[in-house]
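Working notes for the structure below.
The values are calculated or read from the model by the stated rules, or taken from the named source; none is laboratory data. Please read these numbers as outputs of a predicted model, since none were measured by experiment. Using ideal geometry, Cβ is built from the backbone for each residue, glycine included, and neighbour counts are taken over all protein chains shown. With ligands, DNA and RNA removed, areas are computed over all heavy atoms of the protein, side chains included. Shrake-Rupley method; radii C 1.70, N 1.55, O 1.52, S 1.80 Å.
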Amino acid sequence: MDNLVIAGKTYTSRLLVGTGKYKDFNETRAAVETSGAEIITVAIRRTNIGQNANEPNLLEVLPPSQYTLLPNTAGCYTLDDAVRTLRLARELLDGHSLVKLEVLGDPKTLYPNMVETLKAAEILIKEDFQVMVYTSDDPIIAKQLEDMGCVAVMPLASLIGSGMGILNPWNLQIIIDNAKIPVLVDAGVGTASDATIAMELGCDGVLMNTAIAAAQNPILMASAMRKAVEAGREAYLAGRMAKKLYSASPSSPTEGIIAQTEKITKRSASNKPR
Amino acid sequence: MIQLTINGQPQQFESPINVMQLVDHLALHNKRIAIERNGEIIPRSQFSEQLLVHGDQLEVVVAVGGG
């Protein structure tokens, strides 16, 4: 079986999805179920004090018994906020230690601050967290994160929520070639072909949220993404044919063609590869 | 009278209370929550032992949808 293994745990799906930006919990659940994702990200936020005491809870809709919840540090701009958020997450999820670290550097672009991310990763790893880390697509930083003990590196394909797709496949390729831990594209996927391209490059998985949640029909897009990730993975494993401008090698046999007019036969003979 | 800051909001209490009593007061006893006091996690197992004191800064969090 071709499985995804992260921190020693095996997953059959290589698509990881976020749970934000959906219209309601029913849509969240339907999209997650349709995507086939086993790992789903959640955010940690202040509870509304004194209001909505009876409002439904995300964990009732997507129970930890059924999914691997991946608490994130989305919205954190300092290592201190990120580390505190994940300590709270571990307490909230009964000691669950697999987390997604992201430390942002700029509210306009949501580009990661890698200096703070590296420091936060070091602290979290010392505290026995299993850190999947959101990173810029810098191959050197990605390798440093691996060397310090992160369990997966998750480079951006383009900016969070942008839907701009895979903007620098060459950097991703270098990160993938260098890594001994899973590499997952996180952020920037806009449509199914983007996910397929990421997987064809050799990514171990893709994490997305907005591409599904902001589609006109999120459930149908969840289905498309499931297939896109599977298709890309299979194509990667199959090994694509070499690219060449032209080959003069038709797919059908060149022998046994019925009698042709002299003119055409002559022409095709002169076109034969040398 | 003690004052606690809960998720950034000041609240007054007549007398010192423990974390469990605060959770009941906020009607969060059935909720899956985590609490931090002055930057340190309070494990759920210690809710009834930990007494809150004047000036404590508390963060009470839940899991919500996010990417």
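Considering only A:I212, A:L101, A:L86, and ranking their Cα positions along the charge dipole of the protein assembly as shown that arises from unit charges at the beta-carbon of Lys, Arg, Asp and Glu, the one farthest toward the positive end is A:I212. Computed with every protein chain present, the accessible area of B:M20 is close to 80 Å² [probe 1.4 Å].
Ordering A:L145, A:S35, A:A7 by Cα displacement along the dipole of the protein assembly as shown toward the positive end leaves A:S35 in first place; charges were set at the Cβ atoms of Lys, Arg (+1) and Asp, Glu (-1). In region B:1-29, what residues drop by 40 Å² or more of accessible area when the other protein chains are put back, versus the chain on its own? Use 1.4 Å, and skip ligands and nucleic acids. Checking the loss per residue gives B:N7.
Taking the three principal axes of the alpha carbon atoms in region A:2-62, the coordinate ranges are 48, 24, 17 Å, sorted in descending order. Ignoring solvent entirely, what values of log10 I(q)/I(0) come out of the Debye formula for chain A at 0.07 Å⁻¹ when each Cα is a single scatterer? Evaluating at q = 0.07 Å⁻¹ gives log10 I(q)/I(0) of -0.31. Please work out the FRET efficiency for the pair A:N57 and A:R240, using the Cβ-Cβ distance as r and a Förster radius of 51 Å; give the result to the nearest 0.05. According to the calculation, E is roughly 0.70. Write out the trypsin sites (Lys or Arg not before Pro) in region A:145-249 meeting two conditions: DSSP loop, and at most 14 other Cβ atoms within 10 Å of their Cβ. Passing sites in region A:145-249 are A:K180, A:R240, A:K243, A:K244. You can think of it this way: the chain between A:K227 and A:Y111 has 38.9 nm of extra reach, that is 0.36 nm per residue less the Cα-Cα gap. Taking the protein heavy atoms of chain B in the context of the full set of protein chains, the accessible area attributed to carbon and sulfur is 48 percent at 1.4 Å. Once the mean of 1/r is taken over each pair of separate Cα atoms and inverted, region A:32-163 shows a Kirkwood hydrodynamic radius of 15.6 Å. The H on the amide N of A:Q130, modeled in the peptide plane, is under 5 Å from the matching H of A:L98, A:V99, each at least 5 residues off or on a different chain. Given a 1.4 Å probe and the protein chains as shown, A:E122 ends up with an accessible area of around 100 Å².
Across A:Y77, A:Y246, A:Y11, A:Y22, the residue with the most accessible area heads the list, and the full order at a 1.4 Å probe is A:Y246, A:Y77, A:Y22, A:Y11. Interface burial in region B:41-67, defined as at least 30 Å² less accessible area with all protein chains than with the chain alone at a 1.4 Å probe, covers B:I41, B:R44, B:E59, B:V61, B:V62, B:A63, B:V64, B:G65, B:G66, B:G67. Legend: mean number of C-beta atoms from other chains within 10 angstrom of residue C-beta atoms, peptide A:37-45, equals 4. The alpha carbon radius of gyration of region A:46-107, expressed as a multiple of 2.2 N^0.38 Å, is 1.25. Farthest toward the positive end of the dipole of chain B, out of B:N38, B:V23, B:F13, is the Cα of B:V23, where the dipole comes from beta carbon charges about the Cα centre. Per-residue mean of foreign Cβ neighbours for A:204-213 is 1 (Cβ atoms of other chains, 10 Å radius). For region A:30-47, no residue has its backbone nitrogen under 11 Å from a point 7 Å from the Cα of A:S65, taken along Cα to Cβ. Helix A:218-238 versus the longest principal axis of chain A: what is the Cα-based angle in degrees, 0 to 90, to the nearest 10? In chain A, helix A:218-238 runs at an angle near 60 degrees to the longest axis. Near A:A215, once Lys and Arg are set to +1 and Asp and Glu to -1 for all other residues with Cβ below 15 Å from its Cβ, the sum equals +2. The distance between label points at A:Y77 and A:K23 comes to 3.4 nm (points 7 Å beyond Cα on the Cα→Cβ vector). Could you check how many percent of all C-alpha pairs in region A:137-274 are farther apart than 18 Å? Of all Cα-Cα distances in region A:137-274, 63 percent exceed 18 Å.
Carbon-plus-sulfur accessible fraction, region A:27-157 (probe radius 1.4 Å, protein heavy atoms only): 47%.
Note on surface exposure: A:S13, B:S15 rank B:S15, A:S13 by accessible area, highest first, 1.4 Å probe. For chain A, adding -39500 (n - 2.57) for each run of n ≥ 4 DSSP H residues and dividing by the number of residues yields -11500 deg cm²/dmol at 222 nm.
When A:S247, A:S158 are compared by accessible surface with a 1.4 Å probe, the order from highest to lowest is A:S247, A:S158.
Taking the empirical scaling 2.2 N^0.38 Å for compact globular proteins as reference, chain B has a Cα radius of gyration ratio of 1.08.
Averaged per residue, region A:1-148 has 43 square angstrom of accessible surface, using a 1.4 angstrom probe with ligands and nucleic acids left out.
Principal-axis analysis of the Cα atoms of chain A puts helix A:262-271 at an angle of about 50° to the longest axis. Counting only alpha carbon atoms, the long axis of helix A:114-126 and the longest principal axis of chain A meet at about 70°.
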